[in-house]
Amino acid sequence: MTADIFVPQSTPDDAIVGPLHTVTYVTSDKQAVEKIFLEGYGLDSSGWTKPSGDEIANHNKYLGFEANHSWEACVFYKSGEGANVQIRVIAIDHETPQVRPAYDGLYTGGATMSFPINDLYAHEKHMASIGVESTIGVKEMEFTSPTGETYVSAEIVYKAPDNIFVMGVVRPDIFIPVGPVDPATGMGGSAYSARCITAADETVAFFRDVLGFEIRRDVEFTVGDKSALLMPEGTTERFIQAFAPGSASGYLVLMDHKAATKPSPTASYGPPNRGIAMWSFPTKNLDDVHQRAVAAGIAVVQSPAEYGSPSLSGGRSMILKDPDGFLIEIFEG
């Protein structure tokens, strides 16, 4: 059988932090986000909650909002057999800058959330029926495995608020899916999230050497015609897939487009700016991760403490800024 990077050669006991647990998404259009995740992807919802008093002041300081910002939060997730990464949506009541100013895969910052879907063509029809637009329809792509064999995967990319791409992905039957799938719906929860970066070597070193992720694919290729992420044909892309030890999903994709990269116009990728604002990961030893980060010269935005980060376990957490300027939350869990 063709070698599959999704089949781990390690165990979770080898992990410093676990797979991606939560993607934080800041938006000013909660109704459109609800439509995509509830009606389009069949996710469950925690319901919207609005912090108040001391709670909102503490959360704003921790997450990077201004002191007078008000917002609601909701977690969208898949339960049962398709359970995977949860999405923490923070809906703000006013306009703030968008990290990605257009639906253009060349802009830096958080770009995608991706889900396994067995039938992309049926899903496209369903999404169209609820008014959610894809970029170019179903895109079939040829890849080369680590052993040199070629295979075809397919994806579809939808436009979500704040110039974020929400994807559906299917892999050939010789491979396991990108994440667990609920057999009743043929879909699963979010399996991975992707970012466009500039400091590729430094960011890879951070995930590998500080957080202990395994870089299972690091390749360079040329973007073909009809890019689902709306990139020009001929663009050079360095494509990196990083997994927590022992994991087959909840992974990260880092994309470097070299000279074609378009820097985000915002000074920060995090709140209060809109878009994919942070990735969160569990650990059993927060102090160890903190020490590793400090030793590597990584910026510590919030030191380990009991912040009560919304939707997480309630234990200690911290926020780091990786070498490309993206916020990384680590929590005890």
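The values are calculated or read from the model by the stated rules, or taken from the named source; none is laboratory data. In this text the structure is predicted, and so the values were computed from the model without any measurement. Cβ placement follows ideal geometry from the backbone for every residue including glycine, while neighbour counts extend to all protein chains displayed. These accessible areas exclude ligands, DNA and RNA; they are computed on the full protein's heavy atoms, side chains included. Shrake-Rupley method; radii C 1.70, N 1.55, O 1.52, S 1.80 Å.
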Cα gyration tensor category, rounded, prolate or oblate, for the stretch 218-285 with a/c compared to 1.5: oblate
Express the carbon and sulfur contribution to the solvent-accessible surface of the stretch 34-143 as a percent, rounded to the nearest whole number, probe 1.4 angstrom. 47
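Computed over the Cα atoms of the stretch 1-123, what is the ratio Rg over Rh, Rh following Kirkwood? Please list the in-between numbers first.
Details: Rg = 17.5 Å, Rh = 17.3 Å.
Here the Rg-to-Rh quotient is 1.02.
Can you pull out the GluC sites (Glu not before Pro) in the stretch 248-333 whose DSSP state is coil and whose Cβ has at most 15 other Cβ atoms within 10 Å? Before the final figure, lay out the partial values.
Numbers: sites: GLU306, GLU329, GLU332; in loops: GLU306.
Qualifying residues, ordered by number: GLU306.
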If amide hydrogens are placed 1.01 Å from N in the peptide plane, which non-local residues have theirs closer than 5 Å to the one on ALA111? ALA194, ARG195, CYS196
To the nearest 500 deg cm²/dmol, what mean residue ellipticity at 222 nm is calculated for the chain from DSSP H runs of n ≥ 4 alone, each contributing -39,500 (n - 2.57), summed and divided by the residues? -3500 deg cm²/dmol
Could you rank the peptides 194-200, 126-132 by their average count of other C-beta atoms within 10 Å per residue, with the highest value first? 194-200, 126-132
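Within 10 Å of each candidate Cβ there may be at most 14 other Cβ atoms; applying that plus a DSSP loop requirement, which GluC sites (Glu not before Pro) in the stretch 112-161 survive?
Here the GluC sites (Glu not before Pro) that fit, given the DSSP loop and packing criteria, are GLU133, GLU149.
Test of understanding: what is the full-extension gain from ALA296 to LYS159, defined as 0.36 nm times their sequence separation minus their Cα-Cα distance?
Full-extension gain reported as 45.6 nm.
In this model, which of LYS125/LYS226; LYS159/LYS226; LYS30/LYS258 are farther than 23 Å apart at the alpha-carbon?
Checking Cα-Cα distances, LYS30/LYS258 exceed 23 Å.
So with the 1.4 Å probe, I'd like the accessible area per residue for the chain, rounded to whole Å². Before the final figure, lay out the partial values.
Values: 13260 Å² over 333 residues.
I get 40 Å² per residue for this part.
Between the DSSP loop rule and a limit of at most 15 other Cβ atoms within 10 Å, which GluC sites (Glu not before Pro) in the stretch 56-105 are left? Spell out each step's value before the answer.
Values: sites: GLU66, GLU72, GLU81, GLU95; in loops: GLU66, GLU95.
For GluC sites (Glu not before Pro) across the stretch 56-105 that sit outside H, G, I, E and B with at most 15 neighbouring Cβ atoms in 10 Å, the list reads GLU66, GLU95.
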Under a crude label model (7 Å from the Cα following the beta-carbon direction), how far is ILE215 from THR236 in nanometres? 1.7
Per residue of the stretch 48-56, what does 6.51 cos²θ - 1.76 cosθ + 1.60 with θ = phi - 60° give for ³J(HN,Hα)? Whole Hz please, x for Gly and Pro, Karplus curve as stated. 7, 10, 10, x, 8, x, 4, 4, 5
I need the calculated FRET efficiency for the pair ALA305 and ALA205, taking r as the beta carbon distance and R₀ as 35 Å, to the nearest 0.05. 0.85
Over the Cα atoms of the stretch 177-273, Rg to Rh with Kirkwood Rh, two decimal places? 1.00
Along Cα→Cβ, 7 Å out, is where each label goes; now give me the distance between the ones at SER129 and GLU81 in nm to one decimal. 2.2
